[in-house]
1. Roughly what would the spin-label model give for G:Asn53 and C:Glu30, points 7 Å off Cα along C-beta, in nm?
2. Enter the mean number of other protein chain beta carbons within 10 Å of the beta carbon of each residue in G:5-13, as an integer.
3. Between F:Asn44 and F:Asn23, how high is the FRET efficiency from 1/(1 + (r/R0)^6) when r is the Cβ-Cβ distance and R₀ = 22 Å? Nearest 0.05.
4. Relative to 2.2 N^0.38 Å, what does the C-alpha radius of gyration of the stretch E:2-44 come to as a ratio? Two decimals please.
5. Looking at the calculated P(r) for the protein assembly as shown, what percent of the C-alpha pair distances fall above 31 Å?
6. Taking the solvent-accessible surface of protein heavy atoms with a 1.4 Å probe, what is the per residue accessible area of chain F in Å²?
7. I need the fraction of alpha carbon pairs in chain G separated by more than 20 Å, rounded to a whole percent.
8. For chain E, calculate the relative contact order in percent as a whole number, restricting contacts to Cα pairs under 8 Å that are 6 or more residues apart.
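The values are calculated or read from the model by the stated rules, or taken from the named source; none is laboratory data. A quick note: this is a predicted structure, and the numbers were derived from the prediction, not measured. Reconstructed Cβ throughout: ideal geometry from the backbone, glycine too, with neighbour counts over all protein chains shown. With ligands, DNA and RNA removed, areas are computed over all heavy atoms of the protein, side chains included. Shrake-Rupley method; radii C 1.70, N 1.55, O 1.52, S 1.80 Å.
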Amino acid sequence: MNNRPIDILEKSKGKRVMIKLRNMTNVSGEIKAYDLHLNMWLDNAKITDTNTNIEKEVGKILIRGDNITYIAPSK
Amino acid sequence: MNNRPIDILEKSKGKRVMIKLRNMTNVSGEIKAYDLHLNMWLDNAKITDTNTNIEKEVGKILIRGDNITYIAPSK
Amino acid sequence: MNNRPIDILEKSKGKRVMIKLRNMTNVSGEIKAYDLHLNMWLDNAKITDTNTNIEKEVGKILIRGDNITYIAPSK
Amino acid sequence: MNNRPIDILEKSKGKRVMIKLRNMTNVSGEIKAYDLHLNMWLDNAKITDTNTNIEKEVGKILIRGDNITYIAPSK
Amino acid sequence: MNNRPIDILEKSKGKRVMIKLRNMTNVSGEIKAYDLHLNMWLDNAKITDTNTNIEKEVGKILIRGDNITYIAPSK
Amino acid sequence: MNNRPIDILEKSKGKRVMIKLRNMTNVSGEIKAYDLHLNMWLDNAKITDTNTNIEKEVGKILIRGDNITYIAPSK
Amino acid sequence: MNNRPIDILEKSKGKRVMIKLRNMTNVSGEIKAYDLHLNMWLDNAKITDTNTNIEKEVGKILIRGDNITYIAPSK
């Protein structure tokens, strides 16, 4: 096992990712910092309510890792 | 990994943040203290029920960290 | 980080606090004892069902900390 | 912090308590034994479904602590 | 604190108990083995769906402890 | 306490078991490997949606243990 | 106990697997990395909403292990 799953984040530092939360919310932003629990500090973040598709820009944001379902780097 | 996600809070000490809880509630207030579980002591806190948009001022408040989805410092 | 979030409780020992539980219940009472998990022993406690607003006086009560959303000392 | 929250149970050994569970159930009974997780052994226990108010006598019962919202000693 | 809550199970080894699970299911059976997490091995087990009252005999069963609300030995 | 609950699985190695998951799903298959968290590797597995009774054959499967309610060996 | 459940993943490195998440979502992709919590890095991933059957291609993805119900390698 050469790679660890979390290495996907190291390669995405400073780049934009899309994060799916458990509560029908998507957050996108640039990774500023992360830890092993997947606590994430994002800059220039946007929050999307996936029920209504309403977007909100929030600047900096700290996401508590245990709310995260998955993280997808921008292609 | 130079920064830790939690450093976003250190830079916000004494400043106003908006905290999204899991139960359709937002809390805003000034950070007085926090810990690694994201337990938060806020001063001059306001609680908003996101279903009804009713706001309530509560002064000091201690939030148990595991109810928190994300924390956004004021821009 | 000079203060810990839990210090808010030390200053409230013997005073009345309002505790929001996860299950649509509020409990108010005087803090007799607490621990780091936010397990709380309250005296002269009152339980309010936030759906019906029905209040019940229960005297002493022990709340298991992991049911707590937030704790607000009386102003 | 002289008292621990759990001390409320030590003073109630052999006495009747009312326990609120998370799933719309109340259990009352005499405390025979408890531990730090709030696992509880009750004697002469009665279970009440709080939806229907139907009561059932069960004799001895072991409650797994993580189902407990709060414990109130009889006044 | 002379007794531990789990001692209620030691006295019930080989005897029939009723176990209430979180998901509207009751399981009864004879205790063959248990551990501190309340993982339970029952023999001659019967599963009852408490919505429909339909019973099913399953022989041996291993219950993962964190699904258990309470355990009541047969009177 | 001579037996451990998990010993029920050791005796079922290579044999067919029925596993009840929390999300209205049953999985049956032959035990290839398991661990103390009840993570299970099954061969020749079949998944049944207990709402629709639709069955699907999936071959090998790894079940994350914390989704499991109970495991019943074939009689 | 010669095999560990997680060994099923080692044999699937670089191959396509189907992952069932708790929230009505399936993710398929090639295993790039995994760890003992079942955190998974997949390449060439596809996400399917099992309510609507709508598929989305996302490239790389990191899944937080505690959202996973089961993992089935392609036959």
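1. Label-label distance for G:Asn53 and C:Glu30, simple model: 6.6 nm.
2. Working: counts 16, 6, 4, 10, 3, 1, 1, 2, 3.
Average per residue, whole number: 5.
3. Details: r = 22 Å, r/R0 = 0.98.
Result of the calculation: an efficiency of 0.50.
4. The reported ratio for this selection is 1.16.
5. On the way: 74421 of 137550 pairs.
Pairs farther apart than 31 Å: 54 percent.
6. Values: 3570 Å² over 75 residues.
In whole numbers, chain F has 48 Å² accessible per residue.
7. Numbers: 651 of 2775 pairs.
It works out to 23 percent of all Cα pairs.
8. Values: 151 pairs, mean separation 23.2, N = 75.
Averaging sequence separation for qualifying contacts and normalising by length gives 31 percent for chain E.
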